[in-house]
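To start, the structure under review is shown below, and the notes come after it.
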Number of protein chains: 2
Amino acid sequence: MVSERGLEVLRVIVQDYVASREPVGSKTIVERHAFGVSAATIRNDMAQLEEEELIAAPHTSSGRVPTDKGYRVFVDQLTELRPLSAGQRQAIETFLGQAVDLDDVLARTVRHLAQLTNQVALAQYPSFGNARVRHIEIVALAPSRLMTVLITDTGRVDQHLIDGIHGLDEPALSQLRSAFNAALDGQALADAAVTLRGIPDTVAPERRSVAADIARSLGDQIAANRQDRLVMAGAANLARTESDFSGSIFPVLEAIEEQVTLLRLFGEMQIDEDGVEVRIGRENADFGLGETSVLATGYTASGGSVARLGVLGPTRMDYSNNMVAVRAVARYLTRLLAEE
Amino acid sequence: MVSERGLEVLRVIVQDYVASREPVGSKTIVERHAFGVSAATIRNDMAQLEEEELIAAPHTSSGRVPTDKGYRVFVDQLTELRPLSAGQRQAIETFLGQAVDLDDVLARTVRHLAQLTNQVALAQYPSFGNARVRHIEIVALAPSRLMTVLITDTGRVDQHLIDGIHGLDEPALSQLRSAFNAALDGQALADAAVTLRGIPDTVAPERRSVAADIARSLGDQIAANRQDRLVMAGAANLARTESDFSGSIFPVLEAIEEQVTLLRLFGEMQIDEDGVEVRIGRENADFGLGETSVLATGYTASGGSVARLGVLGPTRMDYSNNMVAVRAVARYLTRLLAEE
DNA sequence: ACTTGGCAGTCCCAGGGGCAGAGTGCCAAA
DNA sequence: TTTGGCACTCTGCCCCTGGGACTGCCAAGT
């Protein structure tokens, strides 16, 4: 069992190690922190912590370093989250407030979060949620190629191409456009996906095949967009903390370039609107990110749907600050998107 | 003056150094290449090359390494571009052919190019060029917030937000929508930017202010989109070639994260539809990329506009292969976008 | 005028020994 | 339970040395 003071020792080990990047020994602990006991006593506590696998020694005779499990305990039990300074909060508002559209909001969000935490920042685009169809556009790009555009009332716009269309002139196109818009306008996306299938039967027989192609394309758009996109910023920060990775940062960069991976990772994390979920080190091994930690929380987009926002960085990171930053940015983002 | 054989020596130095990452000496040259002369002779040639600053010695007594100037001569005079293998060409077609829309085409393009070259691949989105207005949509997102959507016949869709709108109900909105579409539909973007300004005067006086806001927003969209976006892939490759950079790769990653920088860089490069322009090392120092080289060429988008495509990597790269890959991918891309 | 073999000189790099420093583990005493 | 003390271990650093890899130059050969 780890004593009360033992946990306190763990806390300072984590804090000092994160700050200095150097294994911390019993002597430096008593020097830098007022424990009121001697180094030998701390050594006993450290032996306990090592027993519990909360800390480990990189070499037989050097200071100790927190293990993944140690960070876990630190995050779950020892972290107190202090609010951001007024200046920092101000900076978030100023920077995000200038955004002109959703793309811009998210781009600014991740940039600022990356700068605030010195880590890689990630934001998931909000899913359609209970958005509604605002308008459907069908554009002829070339004789045999069409593009369908789906606009929702949440401000999202998606495009999709269809190939191999034959013998469709502008009047016919215009009629199809009207038919789709009449049937779908104002419908919730979930319903629209169903309504869609019936539309081909309502048009003139010679256009049914094309209408079916269009319906399929729009259906794809709805489905494909449930699995959202990501924006990222601050990848360069990984290079700065390179020495925190055992080998090269190559595999890490490679993993985060694969958006699908990150979306799966986000998908496995709880959406918690208020708290910040933390995944540490080996918990992410399945994603090729066994030496990184991910902090994530949720934010609410205008459609009411919840999407994720977070940061990713080496296991050795300032969890406390980063959790606060993620939470603060997510809150402001929710507020901004609700048009406060 | 550098002799004929001297240039040949430069070529093998570049080739061997790129392949092995090790400074190459006179002895290894005569061993690996059939020059028919002795090492001492090669040494004399190398002395000449050093005189001309085409090669340099990292240490007093080690092999030689090409300088930026040496690479320049290599690229300009000594490179012969062999076509890609049939298999590689096949792979490009297969991979890009599956794309569903412009975003997807470019995403696949950079991915594949990154994989082909083992470098960072970049593609600029095509600018509007002589595209035309296909449709304009105006959406009320909230009581005081509007979004304008501009769709062009090249398949491009852009959104923009307007804030601080008051007292606009759905019928009024609908009327404005019609007014804008009637005036702009089918116009070339360049013309539309002008027509736009007259529209507010054609609507009912009480809506003029809103109409002016909308016109301004659409104007911004046209202007803002002249300066295009970029897609990128393969940033992880920089980590693999990390030892080619004197310090950390941090500044490089930082520079390429700044899209504006890369767009300026692309902007300074000649658009040459057939050849590949190469900028080497210090030539990019202004952009924080003094240790990287950039290869770029142009591709033609469906609207007829020319945008850029290229790769970026350490100065020590396989110029010959990469130039071929860039050119081949650009050509295929042009063909694909022209709906061959 | 080039080319060549030879040779001296220079510099890097890897390996080994030794030394100081940091830190632990354990023990016996308070 | 805490403490001081002490032996022990392991790293990191410095210095040195020897081998290896080149170059640069020179004088002789073609």
Which of A:37, A:276, A:73 fluctuates most in a GNM of chain A (C-alpha springs under 10 Å)? That residue is A:37
Per 10 angstrom bin, beginning at 0 and ending with the bin that holds the maximum distance, the Cα pairs of the protein assembly as shown fall in percents of 3, 13, 19, 22, 18, 13, 8, 3, 0, 0
For the stretch A:1-58, using Cα atoms only, the Rg and Dmax in Å read 10.3, 28
Computed over the stretch B:125-189, the convex hull of the Cα set has an average projected area, in nm², of 4.6 nm²
Relative contact order of chain B (C-alpha contacts under 8 Å, at least 6 apart) in percent is 19 percent
Taking max minus min of the Cα coordinates of the stretch B:206-333 on each principal axis, largest first, gives extents in Å of 66, 33, 23
Once normalised by the length of the stretch B:95-163, the mean sequence separation of its alpha carbon contacts under 8 Å that are 6 or more apart gives a contact order in percent of 20 percent
Relative contact order in percent for the stretch A:245-340 (Cα pairs under 8 Å, 6+ apart) equals 23 percent
For residue B:93 and residue B:335, extending 7 Å from Cα along the Cα-Cβ vector and measuring point to point gives, in nm, a value of 0.7 nm
The orientation-averaged projected area of the Cα convex hull of the stretch A:234-294, in nm², is 4.4 nm²
FRET efficiency (residue B:172, residue B:285; Cβ distance; R0 35 Å; to 0.05) is 0.05
Note: A:249-255 gets an average of partner chain Cβ contacts (10 Å, Cβ to Cβ) equal to 5
Copies of residue A:90 compared via label points 7 Å along Cα→Cβ give distances in nm, shortest first, of 6.5
Shortest first and in nm, the label-point separations between residue A:205 and its counterparts in the other identical copies (7 Å out along Cα→Cβ) come to 5.9
For the rotation taking chain B to chain A, the chain B residue with the nearest C-beta to the axis, plus the distance in whole Å, reads B:157, 2
Between residue B:202 and residue A:201, Cβ-based FRET efficiency (R0 30 Å, step 0.05) works out to 0.15
Sorted on mean Cβ neighbours within 10 Å (highest first), peptides A:284-290, B:170-176 come out as A:284-290, B:170-176
Taking N as the number of residues in the stretch B:22-179, the ratio of its alpha carbon radius of gyration to 2.2 N^0.38 Å works out to 1.94
Calculated from DSSP helices alone, with each H run of at least 4 adding -39500 (n - 2.57) and the total divided by the residues of chain B, [θ]222 nm to the nearest 500 comes to -14000 deg cm²/dmol
Restricting to aspartates and glutamates and to Cα separations under 14 Å from residue B:27, and discarding same-chain partners fewer than 8 apart, the set is B:16, B:45
If R0 = 51 Å, then residue B:212 and residue B:86, at their Cβ-Cβ distance, give a FRET efficiency to the nearest 0.05 of 0.30
With N residues in chain A, Rg(alpha-carbon) / (2.2 N^0.38 Å) equals 1.29
Checking rank on A:295-301, A:24-30, with mean other Cβ inside 10 Å and highest first, the result is A:295-301, A:24-30
Taking every residue of B:160-172, the Cβ atoms of other protein chains inside 10 Å of its Cβ average out to 1
So, in nm and shortest first, the distances from residue A:169 to its counterparts in the other copies, with label points 7 Å along Cα→Cβ, work out as 4.1
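FYI, it's all coordinate maths here, none of it is from the lab. Keep in mind that this is a model prediction, so the values were computed, not measured. Note that we place each Cβ from the backbone using ideal geometry, even for glycine, and neighbour counts take in every protein chain shown.
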